[in-house]
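See structure below.
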Amino acid sequence: MTTEHELKSATLYRRLWHYLRRYLGVFCISLTAMALAAATEPLFVTLMKPLLDEAFVNKNLDTMLWMAPAILGLFLLRGVMSIINEYTSSWLTGHLVQTLRQELFARLIRLPVSYYENNTLGRMISRITSDVNQITDAGFNVITVTVRDGVVIVGLFGVLLLTDWQLTLICFTVFPAVVLCIQYVRNRMRRLSRESQKQMGQLQQILHESIVCQRVVKIFNGAPFEEQRFARCAKDIRHNNIKQNVTRSVSTALTQFIIAIALCAVLYFAVMRASQNAITAGDFVKFVMGMLMIFAPMKRITNISQSLQRGLAAAESVFSFLDEHQEPDTGTHVLKSNAITLAFDRVSFRYPNAPQDALQEISLTVNAGETLALVGQSGSGKTTLVGLIPRFHLPSSGNIYINDIPIGEITLASLRDHIALVSQDVVLFNDTIAANIAYGTAASVTPDAIENAARAANALEFIDALPERFDTLIGENGVRLSGGQRQRLAIARALLKNAPILILDEATSALDTQSERSVQSALDHLMKNRTTIVIAHRLSTIENADKIAVMREGELVEFGTHQDLLQKNGVYATLHRLQFGKN
């Protein structure tokens, strides 16, 4: 009866075959070349009998007239076939790695935001960088050993059977012991390989955080802590590698000892039969050489399980990632209007495993061309609310409507084409200034449009001061720019997109007073006839908003204009007095 583990392995084999069969022609050429190269070994052994019996014992020198060309021909065939096999194998592994990496990356960038929130970056990266290589390396190692060494072992056993079947039967007595040894090693190596993949993901996570957060590490003297964290992870990896190497060594040593017992028995009975003239000197040497030559392929065959388990563990990791559900996109409606009315109807949202809702029955409407400002203390749910608009998360209950269409009925591409976002956490790419401003629209915008967007965002002044202007590389996340400069590039990117829905999450927070006035003027112009959601802690920037929503602990507690809320003398008025120092 097939076990669950075997069923799981069989599924992995089928999925791997799905990728391999795309290159079936090249794969068959590789296998054929591999088999022909392997077949030369048993053929060489068969030449030992005529070489000894005819050339040495019977002194028949004519044997060498065909023996020398035969040996040269075998090694020439072996060399040519080996070259063909190496080329085709490299070609196949390269294509498989490329295909799997592209599919993994395509899945990665389409996963929902919740996946990124619940999984470490290091583990996600290690799947694409190392797990894929383990699949192909282990997979082709298994194929190579199975075909090449399988042909050698079968061929040599055939030679041994034809030479002396009685002695050959002794060799088969070792098989049950070898199979049991392989079974134990297979299970242990599979478990150790899974642990190794997790540990490598943790190591990459530590490296990533230490590099990205290096300023925090320095200012808080976190270097000793990071060193200890890295050392613990490196130690775990070292222990795992030792366990794998010890398991491999014990398996190899035990298998070789079992085979050596069989070899000693074979030699003993072979000498006895030779003393009775049952076999010739040529048969004896051919049999012994065949037995000795079978050692190396038998050793590789016993080690095949270790490579196989590493590959299967990596395949589990890769395919489980490919099976992750991407962002749901069941919508069929394509937005065409640039006049957008946005309505929240009793919208609630709770993060997974959270004790309470982050949003509680929010209902409000923002008409086309209006500006809605969201204010409230940190943690009140402002960012969570605007995150529902581009469907970074789906509401736990209630619904969001755009022009009376439920947001879930709109295609993701169409929805996000109509949204521009400037966040307080500026995200830039390690590319040129122009590429960052034109991100997502680079194929359809002109250099003049990029420059106009930079001018409107008050970024042209510092860009013109750079030697390469718009062609300047800004480093990872704009590390070569100041905070204000990075924020202005993000604003220029939103200005260039010119979307009908504009989300500003503390968009001017990193700007000095003069730059803020200039950028705010550009934003005021941009917000005309556009539906805008502004998150602001600085109340002076949203006094002219059409509507202001005051949030507290996920609830909408006040709603109205600036003057209306001041007259209510409630939460908003209290926040206003605190910021402006009024009693």
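Mind listing the long-range amide H neighbours of GLU370? Cut-off is under 5 Å, sequence gap 5 or more, other chains count too, H placed in the peptide plane at 1.01 Å from N.
Answer set, sorted by chain and number: THR532.
Give me the compactness ratio for segment 520-572, meaning the Cα radius of gyration over 2.2 N^0.38 Å.
Its radius of gyration relative to the 2.2 N^0.38 Å reference: 1.20.
If you count, for each residue, the other Cβ atoms within 10 Å and average over each peptide, how do 317-324, 451-458, 198-205 line up from highest to lowest?
Answer by packing, highest mean first, reads 451-458, 198-205, 317-324.
Stokes-Einstein D for segment 70-127 at 37 °C, 0.692 mPa s, Kirkwood Rh over Cα pairs, in µm²/s?
222 µm²/s
Net charge near CYS233: determine it from the other residues with C-beta under 14 Å of the C-beta of CYS233, scoring Lys and Arg +1 and Asp and Glu -1.
+1
Using a 1.4 Å probe, how large is the accessible area of TRP165, given in Å² and rounded to the nearest 10?
Counting only protein heavy atoms, TRP165 exposes about 150 Å² to solvent.
Each residue of segment 492-497 in turn: what ³J(HN,Hα) in whole Hz from Karplus with 6.51, -1.76, 1.60 and θ = phi - 60°, glycine and Pro shown as x?
3J(HN,Hα) across segment 492-497, in whole Hz: 4, 4, 5, 4, 5, 5.
What ranking, highest mean first, results for peptides 381-392, 20-31 when packing means the other Cβ atoms within 10 Å averaged over each residue?
381-392, 20-31
On the first, second and third principal axes, largest extent first, how far apart are the outermost C-alpha atoms of segment 337-483 in Å?
Each principal axis gives a Cα extent; for segment 337-483 these are 53, 36, 24 Å.
Going Cα to Cα from LYS568, which aspartates and glutamates come in below 18 Å? Please leave out same-chain ones fewer than 8 positions away.
Cross-link targets: GLU543, ASP546, GLU555, GLU558.
For segment 336-353, in order, what is each residue's ³J(HN,Hα) by Karplus, 6.51 cos²θ - 1.76 cosθ + 1.60 with θ = phi - 60°, in whole Hz (x at glycine and Pro)?
Listing the rounded values in order: 10, 7, 9, 9, 10, 9, 10, 9, 9, 10, 6, 7, 10, 8, 10, 5, x, 6 Hz.
Within a Cβ distance under 12 Å of LYS497, other residues only, what is the Lys/Arg minus Asp/Glu net charge?
With Lys, Arg at +1 and Asp, Glu at -1, the net is +2.
Which of the aspartates and glutamates could a cross-linker bridge to LYS243, judged by Cα under 14 Å and excluding same-chain residues fewer than eight apart?
GLU195
Can you tally the net charge around LEU473? Count Lys and Arg as +1, Asp and Glu as -1, for every other residue whose Cβ sits under 11 Å from the Cβ of LEU473.
Here the count lands on -3.
The values are calculated or read from the model by the stated rules, or taken from the named source; none is laboratory data. The shown structure was predicted, so the numbers you read here are calculated from the model rather than taken from an experiment. For neighbour counting, all protein chains shown are included, and Cβ atoms are generated from backbone atoms with ideal geometry for every residue, glycine included. SASA here: full protein model, heavy atoms, side chains in, ligands and nucleic acids out. Shrake-Rupley method; radii C 1.70, N 1.55, O 1.52, S 1.80 Å.
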